[in-house]
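The values are calculated or read from the model by the stated rules, or taken from the named source; none is laboratory data. A quick note: this is a predicted structure, and the numbers were derived from the prediction, not measured. Heads up, the Cβs are rebuilt from the backbone with ideal geometry, glycines too, and the neighbour counts pull from every protein chain shown. All accessible areas refer to the heavy atoms of the entire protein, side chains included, with ligands and DNA or RNA removed. Shrake-Rupley method; radii C 1.70, N 1.55, O 1.52, S 1.80 Å.
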Amino acid sequence: MINSMTGFGRCESSDGDRKFTVEMKGVNHRYLDVNIRMPKKFNLFETAIRNLLKQSIQRGKVDIFVTYEDLSENQASLKYNEQLAGEYLSYFKQMEEKFSLGNDVRVSTLLRCPEVLIMEEQTMDEDELWNGLKKALSGAIRQFVETRAQEGDSLKEDILKKLSGIQKLVDYIEERSPQIVAEYREKLQNKVRELLSDTQIEEGRLAAEVVIFADKICTDEELVRLRSHVVHMKETLESKESGIGRKLDFIAQEMNREANTILSKANDLEVSNAGIDLKTEIEKVREQIQNIE
């Protein structure tokens, strides 16, 4: 099961005069990093939101945006703070006497004083509030997971295509290697003839030099391991295992290590070019794997 870490989800849920809206977006990240923006009244649900998210998502940077609308008439009430108003009047009286000022305090003056009149939100049942939020959150997570799965299918198809290209490059290098040795033997033989003219060439010495050269450029072990890594990655992509991003990244690192060794041993322009193409394709695979959960 291939899931991308890139995704988007949105859901609205209405409960009478109340409307809950949840939006989610995600990008790649080494771990699960959740950032939640919501009204303060929902802060007590933060842990529950994170726990619900962890049931469906293992990795990625996820931003969650929660908005809430309450159109009911009893959502707030006006409160009069009589004690505080009395304190204001007391201080006004002291200023009148201290500075010989006219006291022209009116009701409108008191109303402009902070906290004399305050708007209080009506308390809501926490279970009722959470049920409305959870419904919207679950819908957003469901859509978010679906978009990640769709993107994951595209990533899988692209990686498999690139692995086929890597396999062809491995086949080419394997086929080319014996030709390099044969060409080296012929060049060495011609060079010796030029230097020794009519003198007879020592076949044993020539064969020894060719063996040394062949051993120096031999990449059989690297090619076998690289083939094995390609097969392993294909099997992992086809498995039902979840959260395979880290495993795929490790396999890609091993593939890159073998490609580096092959390139370092290359003593032929065509193999060197193929080795460069090999590293380029492996790097493209690694870039795509970074998006997989």
- [ ] Residue by residue through segment 263-285, note down the ones that are in contact (Cβ under 8 Å) with a residue 24 or more places away in the chain and either among the basic types (Lys, Arg) or more than 16 Å from Gln179 (Cβ to Cβ) (or both).
- [x] Lys265, Asp277, Leu278, Glu281, Ile282, Glu283, Lys284, Val285
- [ ] Could you look through segment 212-233, keep only residues that are open to solvent by 70 Å² or more (accessible area, probe 1.4 Å) and charged (D, E, K, R), and pick out the one that is modelled with the lowest pLDDT?
- [x] Asp215
TODO: State whether the residues of segment 9-28 include one that is farther than 15 Å from Thr147 by Cα, part of a strand (DSSP E or B), at pLDDT below 90 and open to solvent by less than 70 Å² (accessible area, probe 1.4 Å).
DONE: yes
TODO: Run down Ser264, Ser242 and say which single residue is part of a loop (DSSP other than H, G, I, E, B) and either of a type in the set (Lys, Arg) or open to solvent by 60 Å² or more (accessible area, probe 1.4 Å) (or both).
DONE: Ser242
- [ ] Please verify whether segment 31-41 includes one or more residues that are open to solvent by less than 70 Å² (accessible area, probe 1.4 Å), assigned to a loop (DSSP other than H, G, I, E, B), among the hydroxyl-bearing types (Ser, Thr, Tyr) and without any contact (Cβ under 8 Å) to a residue 60 or more places away in the chain.
- [x] no
Task: Filtered residues of segment 276-293 (kept if surrounded by 17 or more Cβ atoms within 10 Å (Cβ to Cβ) and assigned to a loop (DSSP other than H, G, I, E, B)) - done: Asn291, Glu293
- [ ] Return only the number of the condition from (1) farther than 30 Å from Lys284 by Cβ; (2) modelled with pLDDT of 90 or more that Arg148 does not satisfy.
- [x] (1)
Open item on the list: Within segment 217-239, take every residue that is part of a loop (DSSP other than H, G, I, E, B) and touching a helix residue (DSSP H, G or I) at 6+ places or on another chain (Cβ under 8 Å) and give me the one that is farthest from Lys161 (Cα to Cα).
Closed with: Cys218
- [ ] Give Met1, Met5 a once-over and let me know the one that is touching a residue at least 12 places away in the same chain (Cβ under 8 Å) and open to solvent by less than 60 Å² (accessible area, probe 1.4 Å).
- [x] Met5
- [ ] Could you please give the count of residues in segment 157-180 that are touching a helix residue (DSSP H, G or I) at 6+ places or on another chain (Cβ under 7 Å) and open to solvent by 50 Å² or more (accessible area, probe 1.4 Å)?
- [x] 2
Open item on the list: Looking at segment 119-136, can you tell me whether even one residue there is in contact with a Cys (Cβ under 9 Å, 6 or more places away or on another chain), basic (Lys, Arg) and surrounded by 13 or more Cβ atoms within 10 Å (Cβ to Cβ)?
Closed with: yes
